[in-house]
Amino acid sequence: MDQPSPAPTPHRIVVVGGGAGGLELVTRLGDGLGRRGRADVALIEKARTHLWKPLLHEVAAGSMDVGRHELDYLAQAYWHGFRFRFGEMVGLDRSRRLVHLAANFDDEGRLITPQRAVGYDTLVIAIGSVTNDFGTPGVKEHAIALDTPEEAQLFNRRLVNACLRAHTQAEPVRPGQLHVAIIGAGATGTELSAELHRTLRGVVAYGLDKIDPDKDIKITLIEAADRVVPALPQRLSEATARLLGELGVEIRTGARVTEVRPDGICLAGGDFISSELVVWSAGVRGPDVLKDLDGLEVSRSGQLVVRATLQTTRDDAIFAMGDCAYLVPDGETRPIPPRAQAAHQQANHLRRQIARRLEGQPVEPFVYRDFGSLVSLGDFSTIGSLMGFLAGKGMLVEGYVARLMYRSLYKMHETALHGPVKVGLDTIARSLTRRTEPHVKLH
Ligand SMILES: Cc1cc2nc3c(=O)[nH]c(=O)nc-3n(C[C@H](O)[C@H](O)[C@H](O)COP(=O)(O)OP(=O)(O)OC[C@H]3O[C@@H](n4cnc5c(N)ncnc54)[C@H](O)[C@@H]3O)c2cc1C
């Protein structure tokens, strides 16, 4: 008697990294291909919960409660037809199509998940970027980067502790004790400085009356280029610098940091800035694991080099997207910037292209549309440039309109993950509970 032929195994799609881009992609693939049984969709991720990275400066400043915005990967996988594989990608075997994962241990050193390998037919690498300290001495020891929610929370704890210490100590507040130095005046550093101005005063206002905010608290923004937010048009840099100046944020442009010490920052030229709280936000690079990923090509900035289709240059079955991908579009001289809007567009693009690939159709090239940049200066203002509208001409926006547009990028991310109904209900719930809670995190 003839044996029934075994059911064909579904195509295995594996996305590594559930961040701004990867989680949108795997959610959509799970909803589409996964639920219909057309593919086996899986996410490999080293964290257990997701928090949209552009919120990290708000976490660091204490104006955002992580618990209200983080998303459990296991639950998201259950709701959206994909599997969650908890673990960090540490290597790749391209000939056997395996992703190697490190073992995971709990706080007491007990094994949670063993070292293992996950097989794929199509692989998407979306593991983001890490802060680039350019080998500057003392950064690892004495500065905090905002790469993960844990780092942002660590900075916030140091900040609140510094305020509590200053309030209870017998001696006067030391120079530098409540000074925050932020190195890198790109969007992250600039947004953080404005947000900190507000929240530090908020913490003190809750009764730490031995601290004089105007005398004891100082925020310094240090930038090697000759203006703040150098990626934005000159006019916006000037407007940003003016607003920060009105808040009392000290700006040092054209200043190169040579060392970070426990008590402050040394600049080329000999200046020293006293500061016991230092954030490093000067540039990003690809995570170290990409350097040796079974021969895949990497750029000088340590990102995976991809073709216009977002396929890696040496392997058609492997795509890269978001901050970890390096793509210089045809006719351009600079790569697509490491931004959430690029990751969002690439997730949309790859969702369609992977479906085409499964049907045996050719993969189409990705076209990046720069919609401009927005910088949020906390409650004070939002300014930025909008591109691509009005027949390709750029447009500068400020104030309430810019603020709404800034928020809409996050809403687009949330909608991609949960759909419009849940996002609408969540927004109402958050705005109601916000009225009954402190506006700054106090622990
Ligand atoms: C404070 C701040 C403010 C920002 N503001 C803006 C803004 O206003 N507008 C804007 O467009 N962009 C902004 N950005 C940049 C934006 O956050 C990034 O461009 C975006 O998050 C990139 O998305 P991604 O999916 O490539 O990576 P990420 O969102 O960083 O996600 C990467 C994921 O991969 C996981 N991962 C990493 N390594 C591994 C591994 N080896 N194995 C398994 N999992 C791994 C990580 O845990 C993470 O979940 C901001 C960034 C910061 C830090």
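Throughout, read-outs are computed from the coordinates displayed, never taken from laboratory work. For clarity, every value in this text was computed on a predicted model and none was experimentally measured.
All distinct Cα pairs of segment 237-335 go into the 1/r average, and the inverse of that average, the Kirkwood radius, is 17.0 Å. Taking amide H as placed 1.01 Å from N in the peptide plane, the amide H of ARG85 sits under 5 Å from that of LEU43, ILE44, GLU45, each at least 5 places away or on another chain. Around the amide H of TYR326, modelled in the peptide plane, lie the amide H atoms of LEU304, VAL305, VAL306, all under 5 Å away and 5 or more residues distant in sequence or on another chain.
Applying the Karplus relation 6.51 cos²θ - 1.76 cosθ + 1.60 with θ = phi - 60° to segment 152-168 yields 3J(HN,Hα) values of 5, 5, 4, 4, 5, 5, 4, 5, 5, 4, 4, 5, 4, 5, 4, 6, 9 Hz, where x marks Gly and Pro. Applied to segment 177-188, the Karplus parametrisation 6.51 cos²θ - 1.76 cosθ + 1.60 on θ = phi - 60° returns per-residue 3J(HN,Hα) values of 5, 10, 9, 10, 10, 10, 9, x, 9, x, 4, 4 Hz, with x for Gly and Pro. Shape analysis of segment 139-283 yields a ratio of the Cα radius of gyration to the Kirkwood radius, Rg/Rh, of 0.96. Taking θ as phi - 60° and the Karplus parameters 6.51, -1.76 and 1.60, the scalar couplings of segment 234-243 work out to 3, 4, 6, 4, 5, 5, 5, 4, 5, 5 Hz in sequence order, x denoting glycine and proline. Of the Cα atoms belonging to segment 181-267, the radius of gyration and Dmax stand at 13.8, 42 Å. Here segment 323-382 is treated as a sphere whose radius is the Kirkwood value from Cα pairs; by Stokes-Einstein at 10 °C and 1.306 mPa s it diffuses with a coefficient of 116 µm²/s.
Size estimate for segment 24-111 follows the Kirkwood approach: the inverse of mean 1/r over distinct Cα pairs works out to 15.0 Å.
Legend: P(r) of segment 120-179 from all alpha carbon pair distances, 5 Å bins from 0, whole percents, reading 4, 13, 17, 16, 15, 12, 8, 6, 3, 2, 2, 1, 1.
When Rg and the Kirkwood Rh are both derived from Cα coordinates, the Rg/Rh ratio for segment 101-149 amounts to 1.11.
Counting only helical runs of four or more DSSP H residues, what would the 222 nm mean residue ellipticity of the chain come to if each run contributes -39,500 (n - 2.57) and the total is spread over all its residues?
Values: 13 runs with 144 residues, N = 443.
Only helices count here, giving -10000 deg cm²/dmol.
Calculated on the alpha-carbon coordinates, the convex hull of the chain measures out at 177 cubic angstrom per residue. Once Rg and the Kirkwood radius are both taken over the C-alpha atoms of segment 77-134, their ratio Rg/Rh works out to 1.03.
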